[in-house]
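The values are calculated or read from the model by the stated rules, or taken from the named source; none is laboratory data. Being a predicted model, the structure only gives us computed values, none of them experimental. When we count neighbours, we look across all protein chains shown, and the Cβ atoms used for this are built from the backbone with ideal geometry, even at glycine. We work out accessible area using only protein heavy atoms, side chains counted, and drop any ligands, DNA or RNA first. Shrake-Rupley method; radii C 1.70, N 1.55, O 1.52, S 1.80 Å.
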Amino acid sequence: MKEKDKIKTKLINKIKTSREEREKKVFKGITVHKQNEEKYQSFTKDILDASTVGIFILDSNFKVVWINNAVESYFALQREKIIGKDKRQLIKKNIQHVFEDPDEFIRKVFATYNDNTYIENFECHVLPEGKRKERWLEHWSQPIKYGLYAGGRIEHYYDITAHKQVKKSLKQSEIKLKSILNTMSDYCYIIDKDFKIEFMNKSMIEKFGNYTGKICYKEFFNYNSPCL
């Protein structure tokens, strides 16, 4: 083989090897990208979308970047219809009417958009209508400080309906207990963990006066500290 042909063959092999190496890098890049995409889809679908905590992610202009299934359920929204929408307009048009006190909800949430520097937390009562269930939600939101959506905000909505129902049941039981104690001729009182008198029945009040809100060991025993 002539020297010229050898050089040509060597050059062709070098080009071929270089092309194969580039193709391998491209294929590897595609594979890594696909794996990352699959991980992201798994993270959003298997974790965030399966969560019972409602999640709004907003960009720096407070437009909706993403919501999960819980938000769709709580507020009767459809993800594909609200992505990219201004959250203020979305609240006015689609969300505010679900609450018992829409004006208070708007006041608190809009304040976080006007001053996106602090954490907000409050409870809100969702009223039932059609397929929407009555529920109590706890709003937690905070600014996004880093990353792609820095300057935006993330909002969480926790379903605290069961907690509210238990609290209501306990309150009803407490009222019933106090009603029973008031019918007794014995002296009865209830104190909290700090020894403050929460309740005195009628018989005790008639005998000793009303010391509700006072520290029991100071009023009844003239002690400066509890006898433990």
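All but one of (1) surrounded by 13 or more Cβ atoms within 10 Å (Cβ to Cβ); (2) within 35 Å of the chain's Cα centre (by Cα); (3) in a strand (DSSP E or B) hold for Ile197, so report the exception by its number.
In the conditions (1) surrounded by 13 or more Cβ atoms within 10 Å (Cβ to Cβ); (2) within 35 Å of the chain's Cα centre (by Cα); (3) in a strand (DSSP E or B), Ile197 misses (2) alone.
Identify, please: which residue in region 53-84 is surrounded by fewer than 17 Cβ atoms within 10 Å (Cβ to Cβ), in contact with a helix residue (DSSP H, G or I) (Cβ under 8 Å, 6 or more places away or on another chain) and of a type in the set (A, V, I, L, M) and is, among those, modelled with the lowest pLDDT?
That would be Ala76.
Criterion first (in contact with a Pro (Cβ under 8 Å, 6 or more places away or on another chain), modelled with pLDDT under 90 and surrounded by 14 or more Cβ atoms within 10 Å (Cβ to Cβ)) does Tyr217 satisfy it?
yes
Could you identify the single residue in Ser173, Ser225 that is of a type in the set (Gly, Ala, Ser), more than 30 Å from Trp136 (Cβ to Cβ) and loosely packed, with under 15 Cβ neighbours inside 10 Å?
Ser225
Pairs, please: C-beta under 6 Å, at least 6 apart or cross-chain, first residue within 19 Å of Asp186 (Cβ to Cβ) and free of Cβ contacts under 8 Å to residues at least 24 places away in the same chain and in region 208-228, second hydroxyl-bearing (Ser, Thr, Tyr) and open to solvent by less than 70 Å² (accessible area, probe 1.4 Å)?
Glu219/Tyr211
Just give me the residues in region 90-133 being of a type in the set (Asp, Glu) and farther than 26 Å from Lys145 by Cα, in sequence order.
Within region 90-133, Glu100, Asp101, Asp103, Glu104, Glu129 qualify.
Evaluate the following for Phe208: is it modelled with pLDDT of 90 or more, hydrophobic (A, V, I, L, M, F, W, C) and in contact with a strand residue (DSSP E or B) (Cβ under 9 Å, 6 or more places away or on another chain)?
On the way: modelled with pLDDT of 90 or more: no; hydrophobic (A, V, I, L, M, F, W, C): yes; in contact with a strand residue (DSSP E or B) (Cβ under 9 Å, 6 or more places away or on another chain): yes.
For Phe208, the condition - modelled with pLDDT of 90 or more, hydrophobic (A, V, I, L, M, F, W, C) and in contact with a strand residue (DSSP E or B) (Cβ under 9 Å, 6 or more places away or on another chain) - is not met.
What helices (runs of 4 or more DSSP H) lie completely within region 43-147 and have 2 or more residues being in contact with a Phe, Trp or Tyr (Cβ under 9 Å, 6 or more places away or on another chain)?
Helices (runs of 4 or more DSSP H) meeting the threshold: 69-75, 87-90, 102-114.
Just a yes or no: is a residue in region 110-120 without any contact (Cβ under 8 Å) to a residue 40 or more places away in the chain, surrounded by fewer than 15 Cβ atoms within 10 Å (Cβ to Cβ) and among the small types (Gly, Ala, Ser)?
yes
Which of the residues belonging to region 127-170 are open to solvent by 70 Å² or more (accessible area, probe 1.4 Å), at pLDDT below 85 and at negative phi?
Hits for region 127-170 are Lys131, Gln165, Val166, Lys167, Lys168, Leu170.
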